[in-house]
Each structure stands twice: as C-alpha cells, then as structure tokens.
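Here, each number is a calculation from the coordinates, and none is a lab measurement. No experiment lies behind these values; they were computed from the predicted model shown. Don't worry about glycine lacking a Cβ; one is built from the backbone with ideal geometry, like all the others, and counts go over all protein chains shown.
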Amino acid sequence: MSKGIFITATDTDAGKTFVTSLIVEALRKQGIQAGYYKAALSGGYYEGDKLIPGDAKEVLTRAGIEEEYDKCVSYTFETAVSPHLASQIEGRPIKLHKIKRDYEALSKRYEYITVEGSGGIICPIQVSDTEVILLEDIIKLLELPVVIVARAGLGTINHTILTVAYIRQLGIPIKGIILNEYEIGNRLHEDNRQMIERLSKVEVIATIPRMKCKEKQVELDIEKLVELYS
Ligand SMILES: Nc1ncnc2c1ncn2[C@@H]1O[C@H](COP(=O)(O)OP(=O)(O)OP(=O)(O)O)[C@@H](O)[C@H]1O
Ligand SMILES: [Mg+2]
C-alpha cells in the first residue's frame, strides 16, 4: 500500500491543483513513483466526447504521469457547483465505497499518492434526505493527514486559523500549511506567515510564489515533502 497526503485549502481556487502538480512533479523527479487522486471534481469540460477532469489533466501532464483520468478521479461532473449539488443536478450519486475502491486500486501502483480535496475543508459531497457525506468523511475514510493550502494576502490569517481549528476538532492530523502566491519581502505576506504559525502552532512548510504557468519551477525540500506522507 502507498503513503498518502490529503491537500485541502482555505477555499476553492486557493491553489490546491497548482501546488499538488509541483509536489507530484518534484517527487517523480527524484524517481519516486508518485500518483494523484481526487474523489469528486465539478466543472469538467468536454474534449470531443470525453469529459475531462481539468485538475487531473493539469497534474498528470505536469508530472508526466500516464494514467487514465477516470482512475484518478472517481466522479467528474460538468456542472461547476459543489459536488453534492452537481451530483443532484446530474443524477449521479456519490458513493464512499467507490472512492475507497478507486483509492486502493491506485495505492497498489503508486508509492506516494497526493489526494486533492474539493473546495475548502467544509464541502458537502453527497446530501439526501437520509444521508450527509462531507469532504471530511473522505479524509477519514482514506485515513490521511492533511496539508492546508492558503493564499497569502489580506484575510488569510482568519481563513487559515479557522480551517486549522475545524480540522483539529475533527481529530484529523495536520502536517503543515503551504502559503501560495507568496512574495518574499512583502511585509503583509511575511507577517501572514509569522502570525499563522504563532496562532495555529502549525508550521508553514513551504511558500510558493505567483508564477507564470510555463515557468512553474520551484525548489521544494524533498526530504520534508516525503515526511508528510503517511
Ligand atoms: N502560485 C501560482 N502562480 C500562478 N498561478 C496560480 C498559482 N496558484 C494558483 N494559480 C492559478 O490560480 C487558479 C486556481 O488555482 P487551482 O486550480 O490550483 O486552485 P484549486 O484550489 O485547485 O481550485 P479547485 O477548488 O477548483 O480545485 C488556477 O488558474 C491556477 O493556475
Ligand atoms: Mg483543483
């Protein structure tokens, strides 16, 4: 079985896919058999008659992984709304047993799997009259620790500390915080880093600058990265 980490964030669009693609690429450059998984993705788009999960395409392309998209993403919806609503609109219920089975299948083929969440930490996945499945149920099901991606800037102290507090009360281990779109020398961003560490007692394990996609090159500490997975 492989080792895994779950990448969540303070919000949708905070940079989970972007950061994940850098991590998976960095691991693979070290010769580590690293893979990617996302349980539910909304806002897929068609290429011909194929519904493409954009996040998986971005990570697999960047990291040079040849894998079928539907092996890495259990549920892809075209409707760009929260997975629970997309699933209701498209009439395709999300099942935890499929998520577990798909993750376990990948686990047999990859040493390290980086799992990307949907949205922020509070994200409804499947809601009916009789059940409520939230993103946290997937994290618990897969028994993974989390890394939180937060965007540096005004408001991020509040978003990040609330996210840490919520994850802690669930009893889910937090391995670290990654500050995205971080500018070295920016007083606000540097204060974000200090205040987040001081108030949350969670380490900021990496900062990622704002980059043009083609330039995506950043030095990540591989030893530190590898330690995140359990
Ligand atoms: N460090 C960065 N430099 C440049 N662009 C970035 C950076 N981080 C994120 N982006 C861009 O911001 C947008 C949102 O990032 P991303 O798709 O990674 O967010 P996400 O958290 O995965 O969103 P979702 O909740 O939809 O999965 C994308 O267009 C991405 O390319
Ligand atoms: Mg994403």
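General observations
- Within segment 89-110, considering residues that are farther than 13 Å from residue 74 by Cβ and surrounded by fewer than 17 Cβ atoms within 10 Å (Cβ to Cβ), the one farthest from ligand 1 (Cβ to nearest atom): 108
- Any chance residue 142 is under 20 Å from residue 27 (Cβ atoms) and away from ligand 2 (no atom under 16 Å from the Cβ): yes
- Only a single item in (1) farther than 26 Å from residue 229 by Cβ; (2) buried (at least 17 other Cβ atoms within 10 Å of the Cβ) is not met by residue 50, and it is number (2).
- Verdict on residue 81 being touching a helix residue (DSSP H, G or I) at 6+ places or on another chain (Cβ under 8 Å) and in a loop (DSSP other than H, G, I, E, B): yes
- Answer residue from segment 176-187, given it is in contact (Cβ under 8 Å) with a residue 24 or more places away in the chain and outside any strand (DSSP E or B) and is farthest from the chain's Cα centre (by Cα) among those: 186
- No other residue among 65, 23, 113, 7 is of a type in the set (A, V, I, L, M, F, W, C) and without any contact (Cβ under 8 Å) to a residue 60 or more places away in the chain apart from 65.
- Residue list for segment 107-137, filter: among the small types (Gly, Ala, Ser) and in a loop (DSSP other than H, G, I, E, B): 117, 118, 119, 120, 128
- Segment 46-61 - residue that is within 13 Å of ligand 1 (Cβ to nearest atom) and not basic (Lys, Arg) and, of those, nearest to residue 13 (Cα to Cα): 55
- Among (1) part of a helix (DSSP H, G or I); (2) surrounded by 15 or more Cβ atoms within 10 Å (Cβ to Cβ); (3) in contact with a strand residue (DSSP E or B) (Cβ under 9 Å, 6 or more places away or on another chain) - the single one residue 58 does not satisfy: (3)
- Look at segment 139-167: where a residue is crowded, with 17+ Cβ neighbours inside 10 Å and a partner is in a helix (DSSP H, G or I) and among the charged types (D, E, K, R), sitting 6+ places away or on another chain with Cβ atoms under 7 Å, you get 149/16.
- Taking the listed residues 34, 39, the one that is away from ligand 2 (no atom under 16 Å from the Cβ) and crowded, with 20+ Cβ neighbours inside 10 Å is 34, with no other qualifying.
- Positions within segment 188-216 being within 11 Å of ligand 1 (Cβ to nearest atom) and assigned to a helix (DSSP H, G or I), in sequence order: 213, 214, 215
- Test result for residue 219, within 23 Å of residue 31 (Cα to Cα), in a loop (DSSP other than H, G, I, E, B) and more than 15 Å from the chain's Cα centre (by Cα): yes
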